[in-house]
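The values are calculated or read from the model by the stated rules, or taken from the named source; none is laboratory data. Nothing here was measured: the structure is a model prediction, and the numbers come from that model. Cβ placement follows ideal geometry from the backbone for every residue including glycine, while neighbour counts extend to all protein chains displayed. For the accessible areas, the whole protein counts, side chains as well, though only heavy atoms, and no ligand, DNA or RNA atoms are used. Shrake-Rupley method; radii C 1.70, N 1.55, O 1.52, S 1.80 Å.
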Amino acid sequence: MIRNALHRFMDGRYGNDQLNLSLIVFYLLLYLLFALTGFEPLYWACLVFVFVSLFRLLSRNIAARRRENAQFMRFAGPVLQWFRLQRTIHRDKDHRYFKCPNCGQQLRVPRGKGKITVTCRSCGASFQENS
């Protein structure tokens, strides 16, 4: 019953996206900094982040919120992708990762094969690396 009421309330509203999650993370970081320092302007900045996030979450102007998120992802997308790649490299103990010197494509090869020739899938360039 409560779930249906929440679904009806959120029907036609924008909801959550990557920009909202980032706003919430910034809010938490600023609030932690405020809690440690007691610097009052940080508290007001926290409130701004919360209210902007709530406004975006409950907005019915879906096209505008999608544009905002697309702009944010153009800026933050490469950074987020780099962090995901670093996490993958750290977790993957069976492979080594290389960047193609010609086109920059990320390539994965098995570990422990010695000196091998790596051929890029995108541009066809070949180069020697230790696996």
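Of note:
- Test: residue in the range 14-27 that is farther than 30 Å from residue 128 by Cα, touching a residue at least 24 places away in the same chain (Cβ under 8 Å) and open to solvent by 100 Å² or more (accessible area, probe 1.4 Å): no
- Selected residue (only one of 86, 81 is within 28 Å of residue 18 (Cα to Cα), modelled with pLDDT of 90 or more and exposed (fewer than 13 other Cβ atoms within 10 Å of the Cβ)): 86
- Failed item, numbered, when residue 42 is tested on (1) open to solvent by 70 Å² or more (accessible area, probe 1.4 Å); (2) farther than 23 Å from residue 73 by Cα: (1)
- Test for residue 98: is it touching a Pro at 6+ places or on another chain (Cβ under 8 Å) and open to solvent by less than 70 Å² (accessible area, probe 1.4 Å): no
- For residue 49, the stated conditions hold: it is of a type outside the set (Val, Ile, Thr), assigned to a helix (DSSP H, G or I), in contact with a Phe, Trp or Tyr (Cβ under 7 Å, 6 or more places away or on another chain) and modelled with pLDDT of 90 or more.
- Whichever residue in the range 101-118 is open to solvent by less than 80 Å² (accessible area, probe 1.4 Å) and over 24 Å from residue 78 (Cα atoms) and, among such residues, is nearest to the chain's Cα centre (by Cα): 110
- Residue in the range 64-78 that is closer than 30 Å to residue 117 by Cβ and exposed (fewer than 12 other Cβ atoms within 10 Å of the Cβ) present: yes
- The set of residues in the range 44-65 being without any contact (Cβ under 8 Å) to a residue 12 or more places away in the chain and within 21 Å of residue 31 (Cβ to Cβ) consists of 44, 47, 48, 51, 54, 55.
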